[in-house]
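Novice: Submitted below is the structure of interest, expressed as structure tokens.
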């Protein structure tokens, strides 16, 4: 585990030594359903944090809110010490928080190279007056193209450089989306189920890319359902259930946390809680126990 987290207590909402992203009181509701209600969450800089939980736990909604693709009903969050709530997605990306999606989004009628180039911000040739003076934008364009080609080589997409993105397979689109995200020079990379629908061989390749990013100093937070993936590359795991943060901890211990087991499997309504576990998070202490063993059906 990352040395910076070795002394951090395994409990929901715990403070981290050097948090990059900090959330406070973030809520998001749809009609009468509260999809997200996170009291406090910190993402440690320079680590891989997995955000896990059963379907409908609110993980992707939380990603949408903090990255500017959706609006919170309440709460605040800071990125690298700066408040970012209320900013739009492109503004958040310019600050260095970039995300991918579970369902890949490519511009099918543009080439693979053009898809990557579009992610670079501050392109001088996009403004009218500089566009009329090629010496003002051509050096930047050449530098951006070199960077895009480096990323395509990194993700083994060089041979597809001039192919239309719409011709790529699902796995290749995952690689293209990651390359495009890196073209934006992120400080924090949010990956929404990056391994979904990917064959085992490509999964191993993606895992290698993610750990390499962390080793290069980038912060990664990802949503994932595959526990082998979570346990294999995560430095820290945060668990959501019913929109709430119910547990945090290193991957080696998170699977033994009673709140995590309850979130994934559910406790039988007629089964009294184990007194050694204490009350479940968010549950009152005075819930009466279930019926005696002999009175159960």
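Novice: Which one of 109, 144, 156, 127 is loosely packed, with under 15 Cβ neighbours inside 10 Å and either out of contact with any helix residue (DSSP H, G or I) (no Cβ under 8 Å at 6 or more places or on another chain) or at pLDDT below 90 (or both)?
Specialist: Numbers: 109 fails: either out of contact with any helix residue (DSSP H, G or I) (no Cβ under 8 Å at 6 or more places or on another chain) or at pLDDT below 90 (or both); 144 fails: loosely packed, with under 15 Cβ neighbours inside 10 Å; 156 fails: either out of contact with any helix residue (DSSP H, G or I) (no Cβ under 8 Å at 6 or more places or on another chain) or at pLDDT below 90 (or both).
Only one candidate qualifies: 127.
Novice: Something else: For residue 213, which of the numbered conditions (1) touching a strand residue (DSSP E or B) at 6+ places or on another chain (Cβ under 8 Å); (2) in contact (Cβ under 8 Å) with a residue 40 or more places away in the chain; (3) surrounded by fewer than 22 Cβ atoms within 10 Å (Cβ to Cβ); (4) outside any loop (DSSP other than H, G, I, E, B) fails to hold?
Specialist: (2)
Novice: Separate question: Which residues, taken from region 187-204, are farther than 20 Å from residue 103 by Cβ and crowded, with 20+ Cβ neighbours inside 10 Å? Before the answer, list the steps.
Specialist: Quick first cut of region 187-204, residues farther than 20 Å from residue 103 by Cβ only: 187-188, 200-201, 204.
Listed by number, the list holds a single entry, 188.
Novice: Would you say residue 118 is touching a helix residue (DSSP H, G or I) at 6+ places or on another chain (Cβ under 8 Å), surrounded by fewer than 16 Cβ atoms within 10 Å (Cβ to Cβ) and not assigned by TED's automatic domain parsing to the domain that holds residue 220?
Specialist: Numbers: touching a helix residue (DSSP H, G or I) at 6+ places or on another chain (Cβ under 8 Å): yes; surrounded by fewer than 16 Cβ atoms within 10 Å (Cβ to Cβ): yes; not assigned by TED's automatic domain parsing to the domain that holds residue 220: yes.
So residue 118 passes the test.
Novice: Anything in region 99-111 that is in a loop (DSSP other than H, G, I, E, B) and under 12 Å from the mean Cα position of the chain (by Cα)? List them, or say none.
Specialist: So the first thing to find is which residues in region 99-111 are in a loop (DSSP other than H, G, I, E, B), and the list is 100-110.
100, 101, 102, listed by residue number.
Novice: Would it be correct to say that residue 60 is in contact with a helix residue (DSSP H, G or I) (Cβ under 8 Å, 6 or more places away or on another chain), in contact (Cβ under 8 Å) with a residue 40 or more places away in the chain, in the same structural domain as residue 95 (by TED's automatic domain parsing) and buried (at least 16 other Cβ atoms within 10 Å of the Cβ)? Can you show your working first?
Specialist: Working: in contact with a helix residue (DSSP H, G or I) (Cβ under 8 Å, 6 or more places away or on another chain): no; in contact (Cβ under 8 Å) with a residue 40 or more places away in the chain: yes; in the same structural domain as residue 95 (by TED's automatic domain parsing): yes; buried (at least 16 other Cβ atoms within 10 Å of the Cβ): yes.
No: the conditions fail for residue 60.
Novice: Name the residue that is farthest from residue 55 (Cα to Cα), counting only residues in region 163-184 that are loosely packed, with under 15 Cβ neighbours inside 10 Å and modelled with pLDDT of 90 or more. Give the derivation first.
Specialist: So the first thing to find is which residues in region 163-184 are loosely packed, with under 15 Cβ neighbours inside 10 Å, and the list is 163, 166-167, 169-170.
With modelled with pLDDT of 90 or more added as a condition, the list becomes 163, 166-167.
Numbers: 163: 36, 166: 29, 167: 31 Å.
Checked region 163-184; the qualifying residue farthest from residue 55 (Cα to Cα) is 163.
Condition check ((1) within 22 Å of residue 220 (Cα to Cα); (2) assigned to a helix (DSSP H, G or I); (3) out of contact with any strand residue (DSSP E or B) (no Cβ under 6 Å at 6 or more places or on another chain)) across all residues:
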residue: 139; (1), (2), (3): no, yes, yes
residue: 146; (1), (2), (3): no, yes, yes
residue: 152; (1), (2), (3): yes, yes, yes
residue: 156; (1), (2), (3): yes, no, yes
residue: 166; (1), (2), (3): no, yes, yes
residue: 173; (1), (2), (3): yes, yes, yes
residue: 191; (1), (2), (3): yes, no, no
residue: 195; (1), (2), (3): yes, no, yes
residue: 201; (1), (2), (3): yes, yes, yes
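Novice: With the requirement that a residue be in a helix (DSSP H, G or I) and either over 13 Å from the mean Cα position of the chain (by Cα) or free of Cβ contacts under 8 Å to residues at least 24 places away in the same chain (or both), what does region 216-232 give you? Show your work before the answer.
Specialist: Step one: list which residues in region 216-232 are in a helix (DSSP H, G or I), which gives 227-232.
If the condition is that a residue be in a helix (DSSP H, G or I) and either over 13 Å from the mean Cα position of the chain (by Cα) or free of Cβ contacts under 8 Å to residues at least 24 places away in the same chain (or both), then 227, 228, 229, 231, 232 are the ones that fit.
Novice: Quick one: count up the residues across region 217-246 that are surrounded by fewer than 17 Cβ atoms within 10 Å (Cβ to Cβ) and closer than 18 Å to residue 5 by Cα.
Specialist: 3
Novice: Restricting to region 253-262, what's the tally of residues that are in contact with a helix residue (DSSP H, G or I) (Cβ under 8 Å, 6 or more places away or on another chain) and either surrounded by fewer than 18 Cβ atoms within 10 Å (Cβ to Cβ) or part of a loop (DSSP other than H, G, I, E, B) (or both)?
Specialist: Applying the first criterion (in contact with a helix residue (DSSP H, G or I) (Cβ under 8 Å, 6 or more places away or on another chain)) to region 253-262 yields 254-255, 260.
If we keep only those that are either surrounded by fewer than 18 Cβ atoms within 10 Å (Cβ to Cβ) or part of a loop (DSSP other than H, G, I, E, B) (or both) as well, we get 255.
The qualifying residues number 1.
Novice: Answer yes if at least one residue in region 4-16 is in the same structural domain as residue 223 (by TED's automatic domain parsing), surrounded by fewer than 17 Cβ atoms within 10 Å (Cβ to Cβ) and over 28 Å from residue 252 (Cα atoms), and no otherwise.
Specialist: No: zero hits.
Novice: Another question about this same structure. So which residues in region 73-91 are surrounded by 17 or more Cβ atoms within 10 Å (Cβ to Cβ) and at pLDDT below 95? Let's see the steps before the verdict.
Specialist: Pass one, region 73-91, residues surrounded by 17 or more Cβ atoms within 10 Å (Cβ to Cβ): 75, 77, 79, 84-85, 87.
Passing the criteria: 84, 85, 87.
Quick grid of which residues meet (1) without any contact (Cβ under 8 Å) to a residue 40 or more places away in the chain; (2) buried (at least 16 other Cβ atoms within 10 Å of the Cβ); (3) over 23 Å from residue 233 (Cβ atoms); (4) not assigned by TED's automatic domain parsing to the domain that holds residue 214:
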| position | (1), (2), (3), (4) |
| --- | --- |
| 21 | no, yes, no, no |
| 30 | yes, no, yes, no |
| 39 | no, no, yes, no |
| 45 | no, yes, no, no |
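The values are calculated or read from the model by the stated rules, or taken from the named source; none is laboratory data. What you are looking at is a predicted structure, and each value in this text was computed from that prediction instead of being measured. Every residue, glycine among them, receives a Cβ derived from its backbone with ideal geometry; neighbour counts consider all protein chains shown.
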